[in-house]
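The values are calculated or read from the model by the stated rules, or taken from the named source; none is laboratory data. None of these values were measured; they are calculated from a predicted model. Don't worry about glycine lacking a Cβ; one is built from the backbone with ideal geometry, like all the others, and counts go over all protein chains shown.
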Amino acid sequence: MSVVNQMQISCPYCKANTVIKKGKRKTTYAAEQRYHCKNCGRRFITKDMKHTTYPPQVIYATLNIYDLGYSLSEVSRQINKTYKIHTSKSTIHTWIQKFQEFCPIAPTRQRFSHYDTVLFKTRFAHENLDYEFMYHRYKLDVLTRERFPGLFHYITRFEHGCPDVFFETGERCSHPHVETQVVPQKKMNLACRMARFACHTT
């Protein structure tokens, strides 16, 4: 048993801060921390994501795969294979509806249904090393085709092979000599919210 940081958790029944860890309760897919309140003597489990059987990491991965344009069947297949679990299409659909704020592409999926393959992926070999390259066709189309046509054509040309200039010897493109001053700023955007969601513990 160990005393829990008073700033992190308090008893949900009496609101006291005299809380200690009291073992764990095993569930189908995770182990939940159990707590004991020394003030009122009651035990409880904190769970930020209530009424969910699966760990937040599994739900996050599901939303991320769906956001890439895969069908519910394909998302279910990939998740079940990766995490050794059994999710149904209806379960995944429920998660998408419940956590739609983390699926910004979901409302517009019908707009890229005509793409044969939404996610373009390929590998380029160089000196016995494989370099993976991929991009989301619909997102690239919407974000760059009209506003940044040069960038759009630069990226899409990789579908016909990697330009030889990328594998030339000499100064690396990833190490340019650019003088710049970075001013760090704090901002809570979608990426931050998704990271927080992914790091949730049950």
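Out of the residues in the range 108-139 meeting the condition of being among the basic types (Lys, Arg) and surrounded by 15 or more Cβ atoms within 10 Å (Cβ to Cβ), tell me which one is nearest to residue 67 (Cα to Cα). Even if it seems obvious, please write down each step before you answer.
We begin by selecting, within the range 108-139, every residue among the basic types (Lys, Arg); these are 109, 111, 121, 123, 137, 139.
Now restrict to residues that are surrounded by 15 or more Cβ atoms within 10 Å (Cβ to Cβ): 109, 137, 139.
Working: 109: 9, 137: 12, 139: 11 Å.
Ranking the qualifying residues of the range 108-139, first place goes to 109.
Looking at the range 31-60 only, could you name the residues that are on the phi > 0 side of the Ramachandran plot and modelled with pLDDT of 85 or more? It would help to see each step written out before you state the result.
First, the residues of the range 31-60 that are on the phi > 0 side of the Ramachandran plot: 41, 51.
Passing the criteria: only 41.
Just to be sure before I move on: is residue 191 closer than 27 Å to residue 115 by Cβ and at pLDDT below 85 in the structure I sent?
Working: closer than 27 Å to residue 115 by Cβ: yes; at pLDDT below 85: yes.
So residue 191 passes the test.
Just to be sure before I move on: is residue 161 at positive phi and either at pLDDT 80 or above or assigned by TED's automatic domain parsing to the domain that holds residue 9 (or both) in the structure I sent? Break it down stepwise before answering.
Working: at positive phi: yes; either at pLDDT 80 or above or assigned by TED's automatic domain parsing to the domain that holds residue 9 (or both): yes.
Against the criterion (at positive phi and either at pLDDT 80 or above or assigned by TED's automatic domain parsing to the domain that holds residue 9 (or both)), residue 161 qualifies.
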